[in-house]
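Worksheet: one structure, shown below.
The values are calculated or read from the model by the stated rules, or taken from the named source; none is laboratory data. Since the model is a prediction, treat every value here as computed from it, not as a measurement. Cβ placement follows ideal geometry from the backbone for every residue including glycine, while neighbour counts extend to all protein chains displayed. Accessible surface areas use protein heavy atoms only, side chains included; no ligands, DNA or RNA. Shrake-Rupley method; radii C 1.70, N 1.55, O 1.52, S 1.80 Å.
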Amino acid sequence: IQWFARNGVAANLVAIILVVGGIASLLSIKFELFPQFSLDTISVRVPYPGAAPAEVEDAIVRRIEERIQDLEGIKEMRGVAQEGYGAVTVEVDGDYNVRELLDQIKSRIDSIDTFPPDAERPIVEENLIKREVLALEIHGQIDERSRKQLAERVRDDLLAMPGITQVDIAGVRDYEIAIEVSEDALRRFSLTFADVEAAVRRTSLDLPGGKLRTTGGEVLLRTTGQAYTGEEFGNIILRTLEDGSIIRIRDVATVVDGFTDTDLSASFNGEPSISLIVSEVGDQNPLDISKVVKAYVAEADLRMPEGVHLSVWRDSSFYLQGRLQMLIENAIIGFALVLTVLALFLRPSLALWVTIGIPISFLGSFMIMPSLDQSINLMSLYGFILVLGIVVDDAIVVGESVFHEFQENGPGVESAVRGTQAVAVPVTYAVLTTAVAFVPLLNLPGFLGKFIYAIPMVVIPTLLFSLVESKLVLPYHLSLCKVGGGDRTKINLLQKIQRGISDALERFIAKVYQPMLKWGLHYRYFTICSFCVLLALTVGLLKFGIVKQVPFPKVPSDYIGVSLTYPDGAPVDQTQAGIDRVVETLNEIRSEMQEKGLGDPIRHMNVLQGIHAFGGGPAGAQASNNESHLGEVIVELEKSEAREISAIELADEWRERVGPLPGIKKMQYQATAAGGHGAPIDVQILASQAGDAGLLQLRQAANIIKAELESFQGIFDISDSLNDSMREIKLRITPEGEVLGLTQEMLGRQV
């Protein structure tokens, strides 16, 4: 302390390094909505088109589990078998490297040679948090093909923009060319289905032919026959007859160049729509991505076909920008408050040097954030806002001590050193104990631990840099202040007001605080007992529930999602009827609110049939398989400052108005910000038997538990994860068929 106070160049150099280093890091540091981290889970997914859940369980899920169950590092495995799809999710133990276990699992899965021939290739990947920035909707009264072609053109335009490298199309069916073979035509030309399949395989392909060496140089050879359109597939030759006539695919089949035969549709604000999901990759800045996309939309919307529009919604950069703005505003207010209060009770020049410690400490943290692998995101900004009110405490104590020394012995370097050293030990321990209080947050396990890891990683360095600034930089700067007792006859009006306030505080200390302190020290047992009673009261308030404890408070979102799940195999008309009921009820609520003068709380509404894609917020999409029994309604509300009702209140009224829908299996209303902590109540049931008997056990137990839960007030949206089986017809070869040489495989392929 003494050396730095006497060597101003060194003190200023430390301050300059922190300031310049912090500003330089701010120009290159990564901005993102949420910190990017692994979820410590690995998923293995195998599509098995057309297979029943029981078949998927035996042929896919069990074989995956049996092959990888002995690997070290697996904490838990969860298998899911559904129609046409099997998946196993592996939770990795915290002491093991996810990437290494991923490689081991992939090697084991690749070695499985007993998957059914019709099963598709396994997909093995680590689960990461999606980094979506915004959704761009193309909506209007045009046909599905034109809508998708327009979306592809817009996607290509966006990918050509600077800073955008990932744009996905969602909410529309995939292209598909279907060759619908006529059994009568096959019989007429003495062909089989296998003949048609073989013709497509051997004709629709491109093959390399090597190189041709000539005197003019080398030339590549390639045979090109890949068909891309329905017309090209229809022209494929099946057979050439003896009379020279040709039988083509179009002669025995109808070729449909269209979309996959799935029940998937989407609408946005009442018009057919298609979504473009723009995501951040690597070090891309979501704020820059949002600006680029919005600028493109403003220009491209004018070029769209008549009746077609582009709309940006679910813009997550709004929340990052808002948190940044909050930090800046709080910093300015905090800076002004500290400066004003210290100027009134101490001296303006001394207050200025003390307050400068706030930005220096923050810039020091910014300087080392890249080396700590931290970014500017919602959680790190929350940490900075949290520490904003703490970081200047040590500098205030040092400043007051130095000011007291100035009053006793006059200003100068020696007084600054003595004043700083007088409080050096308690101030150091005060900062260190505050920093230590955040250390446990560095070791929290699971998703929550990784999610809030950024908070202590910015709070602790900021506190330590404030300690460095108050002990090494501040004493020299305070030594430059010419404050002390002074001649009060030569001060102006403002100085007289400031001295009056300062004197009033000192009189309060001398006449009120010091006598109370002496009394408390004299009757020390009474003082100790009083604080013990306060501690007991505090614990009692928590213990007896007077002060509620909520691990994850309900934070209202600006989005509400209503997901509908009907039993597997439910007709699309039934699902659509449920969606229509939900939408109609919401429109009724909107109309009533407008009649009451409360305004329309809804900004945008997205209706999906055949998919679930809502994850609780602007960047929470988590699309599932396309199924006719799925439906969803997602609404974006006006920002909370512009509406009279919260998302939770609106969702509760919406739920009550809709009521139970006929035949529905599961219906959920989500109006809180996604926190990754799952359902408030989660009961897991394991059957003691396998096969159909085990499923029956699970169904009976689940029904009993759901009935009990429904008797509790305040519990709603009760559902289970066991899907009711779709109706099924089982076919077997009869003994007469076996005598004729028919096999089970022949029967299955013919059907």
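By the compact-protein rule of thumb, 2.2 N^0.38 Å, the alpha-carbon radius of gyration of segment 433-544 corresponds to a ratio of 1.73. Simple point charges give the picture: +1 on the Cβ of Lys and Arg, -1 on the Cβ of Asp and Glu, and for segment 321-477 a dipole about the Cα centre of about 320 debye. Taken along the Cα-to-beta-carbon direction at a fixed 7 Å, the label points for residue 130 and residue 693 span 4.2 nm.
Rounded to 0.05, the FRET efficiency of the residue 732 and residue 657 pair, given R0 = 41 Å and the Cβ-Cβ distance, is 0.25.
As a calculated quantity, the FRET efficiency between residue 214 and residue 95 at R0 = 51 Å, using C-beta atoms, amounts to about 0.20.
Taking amide H as placed 1.01 Å from N in the peptide plane, the amide H of residue 555 sits under 5 Å from that of 673, each at least 5 places away or on another chain. With the charge dipole of the chain set up from +1 on Lys and Arg Cβ and -1 on Asp and Glu Cβ about the Cα centre, the Cα lying farthest toward the positive end among the listed residues 409, 651, 365 is that of 409.
Computed from backbone phi, the HN-Hα couplings of segment 369-375 come to 4, x, 6, 8, 6, 10, 10 Hz, rounded to whole numbers (Karplus: 6.51 cos²θ - 1.76 cosθ + 1.60, θ = phi - 60°; Gly and Pro given as x). Here the 3J(HN,Hα) profile of segment 383-391, calculated from phi with Karplus coefficients 6.51, -1.76 and 1.60 at θ = phi - 60°, is x, 5, 5, 5, 7, 4, x, 9, 5 Hz, Gly and Pro shown as x.
Note on segment 456-604: with charges restricted to the Cβ of Lys and Arg (+1) and Asp and Glu (-1), its dipole about the Cα centre is near 1740 debye.
For segment 15-90, applying the loop criterion from DSSP together with a ceiling of 14 other beta carbons within 10 Å to the GluC sites (Glu not before Pro) yields 72.
The lysines whose alpha-carbon is closer than 30 Å to the alpha-carbon of residue 482, local same-chain residues fewer than 8 away aside, are 471, 490, 496, 511. A straight chain from residue 159 to residue 28 at 0.36 nm per residue would run longer than the Cα-Cα distance by 44.9 nm.
Restriction of the GluC sites (Glu not before Pro) in segment 286-357 to DSSP coil positions whose beta-carbon has at most 16 other beta-carbons within 10 angstrom yields 306. Here the accessible area of the chain is 57 percent carbon and sulfur, with a 1.4 angstrom probe and all protein chains present. The local environment of residue 249, defined by Cβ-Cβ distances under 11 Å, has a net charge of -3 under the rule Lys, Arg +1 and Asp, Glu -1.
Give 554/596; 665/730; 450/665; 148/554 a once-over and call out the pairs whose C-alpha atoms are over 32 Å from each other. Distance filter (> 32 Å) returns 450/665; 148/554.
For residue 239, nonlocal amide neighbours, meaning residues 5 or more places apart or on other chains whose placed amide H falls under 5 Å from its own, are 247. For segment 81-185, applying the loop criterion from DSSP together with a ceiling of 16 other beta carbons within 10 Å to the trypsin sites (Lys or Arg not before Pro) yields 130.
Relative to the Cα centre, the charge distribution of the chain, modelled as +1 at Lys and Arg Cβ and -1 at Asp and Glu Cβ, gives a dipole magnitude of about 3900 debye. Compared with the alpha-carbon gap, the fully stretched path from residue 749 to residue 701 is longer by 13.4 nm at 0.36 nm per residue. Toward the positive end of the charge dipole of segment 636-751, about the Cα centre and with charges on Cβ (Lys, Arg +1; Asp, Glu -1), which of 722, 661, 690 goes farthest? Checked the options; the winner is 690.
In segment 271-312, which residues have a backbone nitrogen under 19 Å from the label point lying 7 Å from residue 326's Cα in the Cα-to-Cβ direction? Answer for this model: 286-287. Once the Cα-Cα distance is subtracted from the 0.36 nm per residue extended length, the residue 123 to residue 549 segment shows a gain of 149.2 nm.
The angle between the Cα long axis of helix 572-595 and the longest principal axis of the Cα atoms of the chain comes to about 40 degrees, rounded to the nearest 10. Solvent-accessible area per residue in the chain equals 56 Å², computed with a 1.4 angstrom probe and all protein chains kept. Label reach from residue 107 (point 7 Å along Cα→C-beta): in segment 66-93, amide nitrogens under 16 Å belong to 67-74.
Between residue 534 and residue 178, the modelled label-to-label distance comes to 7.5 nm, taking each label 7 Å out from Cα in the direction of the beta carbon. Computed from these coordinates, which is mean projected area of the Cα convex hull in nm²: [x] 32.0; [y] 37.9; [z] 52.9? From the options [x] 32.0; [y] 37.9; [z] 52.9, the structure gives [z]. First select every other residue whose beta carbon is under 12 angstrom from the beta carbon of residue 596; then total the charges, Lys and Arg +1, Asp and Glu -1. Here the charged neighbours net out to -3.
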